[in-house]
Structure formats: structure tokens, C-alpha cells
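Input: a single structure, listed below in C-alpha cells.
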Amino acid sequence: MKTIHKVMLEPQPGVTQVQTPKGAHFLTAQMMGPGIALWFHCDTEAEVVDRNIMLAWTGTSVAIPMTRLNYIATVQNGPLVYHVMEVTVMPPQVQDGD
């Protein structure tokens, strides 16, 4: 069945792994309570895969090249502004936790 689902993210900068059905399309992200809700359109019968989501604050360094990121949304939380992106190719230093 094709439907819209959401996952919740902690509002902290960095890369977080989320699980979605394969082929899911990210729609948007917004603050929802104390966390960030990330909505996606998916086929619920598809195989579940891991996806890497990066949150970056405005004005902070982004070590991953923009050619490896797909922009999803910008989210405001009081004075903090987060930029939500999917990491399409993880650089080795990020995978190793450097």
C-alpha cells in the first residue's frame, strides 16, 4: 500500500540513520513537539532499508560535500535553524565516526 509515514529525529546536528521502505520519497520536515518530524511517501510492502539523514545548524561547518546531499527542508526551532538533508553517499570519515 502506498501511503505517507513519518519518523522522528532528535534536534541535534549530525548524521542519523533512519529506516524507510526502499524507494521512499522524503516530503518535508517540521518541528513536532520536542523533535523534528520527517515525512515520506512510500510503499509499505517494500523492503525496509537504512537511510542517512543529516541535520546542520545555520552557520556551522558541513563536512559532507553538497554533491552527496539531497535537501529536504529547513526547520526553525526558536532561535535555532536546522537544515535537513539526506546523505546519498557517506564519506569514509563520517562512516568511521570521525
Self-check item: the chain, dipole about Cα centre (Lys/Arg Cβ +1, Asp/Glu Cβ -1), debye to the nearest 20
Solution: 260 debye
Exercise. For the stretch 57-67, take each phi angle, set θ = phi - 60°, evaluate the Karplus expression 6.51 cos²θ - 1.76 cosθ + 1.60, and give the result in whole Hz per residue in order, putting x for glycine and proline.
Key: 7, 4, x, 9, 5, 10, 6, 8, x, 4, 5
Practice problem: Express in % the proportion of alpha carbon pairs of the chain at distances exceeding 15 Å. | Solution: 60 percent
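Quick note: the coordinates plus some simple rules give every number you see, no bench work behind them. Every value quoted in this text rests on a predicted model; they were computed, and no experiment measured them. For neighbour counting, all protein chains shown are included, and Cβ atoms are generated from backbone atoms with ideal geometry for every residue, glycine included.
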